[in-house]
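Chemist: This is the structure, below, for whatever I ask next.
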Amino acid sequence: MAKLTPEQITKVSAWVTEGATLSQIQERLSSQLEVSMTYMDVRFLVDDLNLSLIEKEEPKKPEEAAAEAAPAEEAAPAPETAQGAGVVTVEVDTIAQPHAMVSGHVTFSDGEKADWYIDHQGRPGMAARTPGYRPTPQDITDFQVKLDAALRQAGY
């Protein structure tokens, strides 16, 4: 990950305060500060700086809006995933993938799976098993916390 100057850190902090997304921060780092970072590195940077991204509420689908309008007694319980109750789980491979220092897989709260790795230069990566799948921001946060715990437990 690139080392930022105090002035650059101040700019990143201002962008987060303005409500910029990780993608926007990544683009601004490249275009305005000429610093190239991966999306995951930007995510780690924001976490390392103890900054909180502003969550923008996504527009609701018509069926979600109708469900909220219905009385609470009529609302059906959310279906549980195959993993049970929508929990993010992280596992570390006993033998890392050939291109990685350490690797494993994650199951997100909606049951989707992805393979993750940290390469020999310490760069993180992830490949969803379903093409185009993007986990929710909360799942990413849960993944990062659980990955950190799993790696510490494995001695990394």
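Chemist: For the range 133-151, which positions are in contact with a strand residue (DSSP E or B) (Cβ under 8 Å, 6 or more places away or on another chain), part of a helix (DSSP H, G or I) and closer than 15 Å to residue 112 by Cβ?
Modeler: Passing the criteria: only 143.
Chemist: Among the residues of the range 98-109, how many are surrounded by 14 or more Cβ atoms within 10 Å (Cβ to Cβ) and without any contact (Cβ under 8 Å) to a residue 40 or more places away in the chain?
Modeler: 7
Chemist: To continue, here is another question. Under 9 Å between Cβ atoms, which residue pairs at least 6 apart in sequence (or on different chains) link something in the range 141-156 that is modelled with pLDDT of 90 or more and surrounded by 12 or more Cβ atoms within 10 Å (Cβ to Cβ) with a partner that is assigned to a helix (DSSP H, G or I) and among the hydrophobic types (A, V, I, L, M, F, W, C)?
Modeler: Matching pairs, first to second residue: 144/44.
Chemist: Among the helices (runs of 4 or more DSSP H) confined wholly to the range 11-85, which include 2 or more residues that are modelled with pLDDT of 85 or more and not assigned by TED's automatic domain parsing to the domain that holds residue 124?
Modeler: Fully inside the range 11-85 and qualifying: 22-33, 39-48.
Chemist: Sticking with this structure for a sec: Kindly check whether there is at least one residue in the range 12-23 that is surrounded by 13 or more Cβ atoms within 10 Å (Cβ to Cβ) and closer than 24 Å to residue 116 by Cβ.
Modeler: yes
Chemist: Shifting gears a bit: Just give me the residues in the range 1-41 being of a type in the set (A, V, I, L, M, F, W, C) and under 16 Å from residue 138 (Cα atoms), in sequence order.
Modeler: Of everything in the range 1-41, those that are of a type in the set (A, V, I, L, M, F, W, C) and under 16 Å from residue 138 (Cα atoms) turn out to be 22, 40.
The values are calculated or read from the model by the stated rules, or taken from the named source; none is laboratory data. Note that the coordinates shown come from a computational prediction; the quantities given were computed from them, not determined experimentally. Because the Cβ atoms are built from the backbone with ideal geometry, glycine has one as well, and the counts that use them run over all protein chains shown.
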